[in-house]
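Asker: Got a structure for you, questions after.
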Amino acid sequence: MANWQDPQTTGVNAATVGVPRAARDVGLRSYMLSVYNYMASGVLLTGIVAMLFANSSLINLIATVDGAGQVHPTGLFYVALFAPLAVVFVLSFGINRISAATAQLLFWVYATLIGVQMSSLFLVYTGVSIGQTFFAVAAAFLGLSVWGYTTKRDLSGWGSFLLMGVVGIFVALLLNMFMRSPTFNLAISAIGVLVFAGLTAYDTQKLKSIYFAVAGNGEAMAKTAVIGALNLYLDFINMFLFLLRFMGSRR
């Protein structure tokens, strides 16, 4: 990938040399605002789609509940589960070959597919507990993101550690599919919340570095805004899913 996508990019490009600091700050705020607008709109779209499916007969296309209360995913659920991986792959590795408009469209498609997938949560947890968890995560995300934006501490060293944490969580989830240990499941959830909380602050600070690397390049700014929104969106959604394991009241 190009340098302007490198999480460790910290330099200032030629477009910002000689530009007054006040002007750079205004540009940075505008860039960050566009990222958060994308991210928030994506979360909103996911929520609307999830509720649309959950509160209508469309939910039967995603999952069914048997007489014992067990939820059984349908084929469409697995499409919604794995199709987003293809979208992330295209956005992450093909961003230099697609236009900014295509990147934006793929982001909306991704948020929609996640909404379809997450509609099944309403079959497992009560709507009240889902809402409570959402607002708790929203408050935590806001605080972590503000801290990541304003802190003078260099968080770039967190990257490798947090990446290993994500890989470890994935491996642990696979293992627990066979172990089926409630205690292990809670431990995974706790670690998951902490890892994605850290990623929220890390990704927020990383966006500042990326902005100074692409400032002045309109197309690059538009593309990195989408990628940045996707990263923050993933942080939010994963933190929500792991915290729901603690706060969610099962039906």
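Read the figures in this text as sums done on the coordinates, not as results from a lab. Predicted model, so just to flag it, every value in this text is computed and none were measured. Ideal geometry is used to build each Cβ from the backbone, glycine not excepted, and the neighbour counts take in all protein chains shown.
Asker: Here are some residues: 207, 186. Which one is among the aliphatic types (A, V, I, L, M) and out of contact with any Gly (no Cβ under 6 Å at 6 or more places or on another chain)?
Answerer: On the way: 207 fails: out of contact with any Gly (no Cβ under 6 Å at 6 or more places or on another chain).
Checking each option against the conditions leaves just 186.
Asker: While we're looking at this one, here's another question. I'm trying to understand the selection: among the residues of segment 144-172, which are surrounded by 14 or more Cβ atoms within 10 Å (Cβ to Cβ), part of a loop (DSSP other than H, G, I, E, B) and of a type in the set (Ser, Thr, Tyr)?
Answerer: 156
Asker: A further question follows. Here's a check for you: in segment 208-249, which residue that is assigned to a helix (DSSP H, G or I) and of a type in the set (Ser, Thr, Tyr) is nearest to residue 138 (Cα to Cα)?
Answerer: If we filter segment 208-249 for residues that are assigned to a helix (DSSP H, G or I), which is where we start, we get 208-214, 218-247.
Pick out the ones that are also of a type in the set (Ser, Thr, Tyr) and you get 209, 211, 224, 233.
Working: 209: 24, 211: 24, 224: 23, 233: 11 Å.
Across segment 208-249, the extreme among qualifying residues is 233.
Asker: Looking only at segment 35-65, filter to residues that are within 16 Å of the chain's Cα centre (by Cα) and polar (S, T, N, Q); which one of those is surrounded by the fewest Cβ atoms within 10 Å (Cβ to Cβ)?
Answerer: 37
Asker: Of these, 176, 185, which one is part of a helix (DSSP H, G or I), farther than 22 Å from residue 42 by Cβ and in contact (Cβ under 8 Å) with a residue 60 or more places away in the chain?
Answerer: Only one candidate passes the filter, namely 185.
Asker: On to the next question. From 82, 122, 77, 93, grab the single residue that is among the hydrophobic types (A, V, I, L, M, F, W, C) and under 16 Å from the mean Cα position of the chain (by Cα).
Answerer: Working: 122 fails: under 16 Å from the mean Cα position of the chain (by Cα); 77 fails: under 16 Å from the mean Cα position of the chain (by Cα); 93 fails: under 16 Å from the mean Cα position of the chain (by Cα).
The unique qualifying residue is 82.
Asker: Suppose we filter 111, 139 for residues that are under 24 Å from residue 223 (Cα atoms) and either without any contact (Cβ under 8 Å) to a residue 40 or more places away in the chain or within 15 Å of the chain's Cα centre (by Cα) (or both); which single one remains?
Answerer: Details: 139 fails: under 24 Å from residue 223 (Cα atoms).
That would be 111, the only listed residue that is under 24 Å from residue 223 (Cα atoms) and either without any contact (Cβ under 8 Å) to a residue 40 or more places away in the chain or within 15 Å of the chain's Cα centre (by Cα) (or both).
Asker: Cβ-Cβ distance below 9 Å, separation of 6 or more or different chains: which pairs start in segment 41-57 with a residue that is over 11 Å from residue 119 (Cβ atoms) and in contact (Cβ under 8 Å) with a residue 12 or more places away in the chain and end on one that is in a helix (DSSP H, G or I) and among the polar types (S, T, N, Q)?
Answerer: Within 9 Å, the pairs are 45/112.
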